[in-house]
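Participant: First the structure, which I've put down as structure tokens, then a few questions once you've had a look.
The values are calculated or read from the model by the stated rules, or taken from the named source; none is laboratory data. Note that the coordinates shown come from a computational prediction; the quantities given were computed from them, not determined experimentally. Neighbour counts run over all protein chains shown; Cβ positions are idealised from the backbone, glycine included.
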Amino acid sequence: MELLTILNHCYRQQGFIYQHARFGPGKKSIEVAVRPREGSAAVCSGCHHPAPGYDHLPERCFEFIPLWGFLVFLLYRMRRVDCRNCGVVVEQVPWGDGKHQLTRAYMLFLARWARKLSWKETAEAFHTSWDQVCDAVEYVVGWGLEHRTLQSIRAIGVDEIQYAKGHKYLTLVYQIDQGLTRLLWVGKERTIESFQGFFTVLGEQLAAQIEFVCSDMWQPYLDVIRQKCPQALHILDRFHIVANRISPLSRSSDCEIYSATTSRPSVPISSKKIFSTSGNTPRPPGPACSWISGAMKPCDPVSSP
């Protein structure tokens, strides 16, 4: 089976023909020449309507999906059209978009692999550059944002992620409806203003349709949810609930230990070993020790060895 047959079967271009294929310099790539089909009119890239031809530009390379370890390039001389609405502009081709050097199929291909691998690993695997992978991801994300719909959002989740050393955070908002999980919005920092930016994009009408909100106990998030989604059932993260309940007990126990050990400051006591939900954690040395087993119970003083 010839390469042109494979391309016509998998990636047919309406109004264009794959003319011939040849090896590139050093036989490290495959170059496929493309020409317009006879009788097909060029399409204006501005208004997307057919327009008469004006002239031709120099031959241009579009990088296609690699095949059998070979880089694949589509070679085509772009036409300029004389559009009555847009003037003299470059034609629109179905495999490319604007000044992108990659074909649309290749950008989608790289973006999908970039979800499974790091951008550096994706670039190395397919013999391209990190910048090309970044360009592909930006194109796909931009297309998705342009064509997405925000209707029928019933459940959302909000959380932060640290993206750099120090206190550098991003606020992430997800749609977590049954059968549909997707990232809706990313905001810099984890402040009230940053989270409110999501509801500004969403609008009051769609925010009023939200029935469930999941979050941790970060106070700015709680304040915004209370203000923007008062009708929604607010589900808190179980880990933070437990941590919030244990924290006062931990402080209380620290005070008991400190007051009981003031007469013997040389005895080290680790407050991290005081509380345990299992009976296997050894007690630290000291005259007092508190354990959690349904309720906090002080132990009898332990005499010094």
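Participant: How about region 201-222: which of its residues are at negative phi and among the small types (Gly, Ala, Ser)? Show your work before the answer.
Facilitator: Applying the first criterion (at negative phi) to region 201-222 yields 201-202, 204-222.
Correct list: ALA207, ALA208, SER215.
Every residue, every condition in (1) more than 19 Å from GLN14 (Cβ to Cβ); (2) under 14 Å from the mean Cα position of the chain (by Cα); (3) surrounded by fewer than 18 Cβ atoms within 10 Å (Cβ to Cβ), yes or no:
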position: GLU91; (1), (2), (3): no, no, no
position: HIS100; (1), (2), (3): yes, no, yes
position: LEU117; (1), (2), (3): yes, yes, yes
position: HIS127; (1), (2), (3): yes, no, yes
position: CYS134; (1), (2), (3): yes, yes, yes
position: GLU138; (1), (2), (3): yes, yes, yes
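Participant: Oh, and also: Looking only at region 21-34, decide whether some residue is part of a strand (DSSP E or B), surrounded by fewer than 13 Cβ atoms within 10 Å (Cβ to Cβ) and either in contact (Cβ under 8 Å) with a residue 60 or more places away in the chain or outside the structural domain of HIS127 (by TED's automatic domain parsing) (or both).
Facilitator: Step one: of region 21-34, the residues part of a strand (DSSP E or B) are 21-23, 29-34.
If we keep only those that are surrounded by fewer than 13 Cβ atoms within 10 Å (Cβ to Cβ) as well, we get 22-23.
From what's left, either in contact (Cβ under 8 Å) with a residue 60 or more places away in the chain or outside the structural domain of HIS127 (by TED's automatic domain parsing) (or both): 22-23.
Yes, region 21-34 contains a residue that is part of a strand (DSSP E or B), surrounded by fewer than 13 Cβ atoms within 10 Å (Cβ to Cβ) and either in contact (Cβ under 8 Å) with a residue 60 or more places away in the chain or outside the structural domain of HIS127 (by TED's automatic domain parsing) (or both).
Participant: Another question, then. Tell me whether region 233-252 contains one or more residues that are modelled with pLDDT of 75 or more, assigned to a helix (DSSP H, G or I) and either within 28 Å of THR200 (Cα to Cα) or hydroxyl-bearing (Ser, Thr, Tyr) (or both).
Facilitator: no
Participant: Quick one: ILE161 ticks every box in (1) part of a helix (DSSP H, G or I); (2) surrounded by fewer than 18 Cβ atoms within 10 Å (Cβ to Cβ) except a single one, so which number is it?
Facilitator: (1)
Participant: Scan region 187-208 and report the pairs whose first residue is closer than 24 Å to GLY166 by Cβ and whose second residue is hydroxyl-bearing (Ser, Thr, Tyr) and surrounded by fewer than 17 Cβ atoms within 10 Å (Cβ to Cβ), with Cβ atoms within less than 6 Å and a gap of 6+ or a chain change.
Facilitator: none
Participant: Next up: Considering GLU189, GLU204, GLU211, which residue is of a type in the set (Asp, Glu) and farther than 18 Å from ALA155 by Cα? Before the answer, list the steps.
Facilitator: Details: GLU204 fails: farther than 18 Å from ALA155 by Cα; GLU211 fails: farther than 18 Å from ALA155 by Cα.
Selected residue: GLU189, the only one of GLU189, GLU204, GLU211 that is of a type in the set (Asp, Glu) and farther than 18 Å from ALA155 by Cα.
Participant: Something else about it: Return yes or no: is ALA42 over 30 Å from PHE23 (Cα atoms), touching a residue at least 12 places away in the same chain (Cβ under 8 Å) and among the hydrophobic types (A, V, I, L, M, F, W, C)? First the steps, then the outcome.
Facilitator: Working: over 30 Å from PHE23 (Cα atoms): no; touching a residue at least 12 places away in the same chain (Cβ under 8 Å): yes; among the hydrophobic types (A, V, I, L, M, F, W, C): yes.
Here the answer is no, as ALA42 does not meet what is asked.
Participant: Mind checking whether some residue in region 144-154 is touching an Asp or Glu at 6+ places or on another chain (Cβ under 8 Å) and on the phi > 0 side of the Ramachandran plot? Let's see the steps before the verdict.
Facilitator: First pass over region 144-154, keeping only residues touching an Asp or Glu at 6+ places or on another chain (Cβ under 8 Å): 152-154.
Those left that are additionally on the phi > 0 side of the Ramachandran plot: 152.
There is at least one residue in region 144-154 that is touching an Asp or Glu at 6+ places or on another chain (Cβ under 8 Å) and on the phi > 0 side of the Ramachandran plot.
This table checks each residue for (1) exposed (fewer than 14 other Cβ atoms within 10 Å of the Cβ); (2) among the small types (Gly, Ala, Ser); (3) part of a strand (DSSP E or B).
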| site | (1), (2), (3) |
| --- | --- |
| THR171 | no, no, yes |
| GLN175 | no, no, yes |
| LEU183 | yes, no, yes |
| SER194 | no, yes, no |
| GLY197 | no, yes, no |
| GLN209 | no, no, no |
| MET217 | yes, no, no |
| TYR221 | no, no, no |
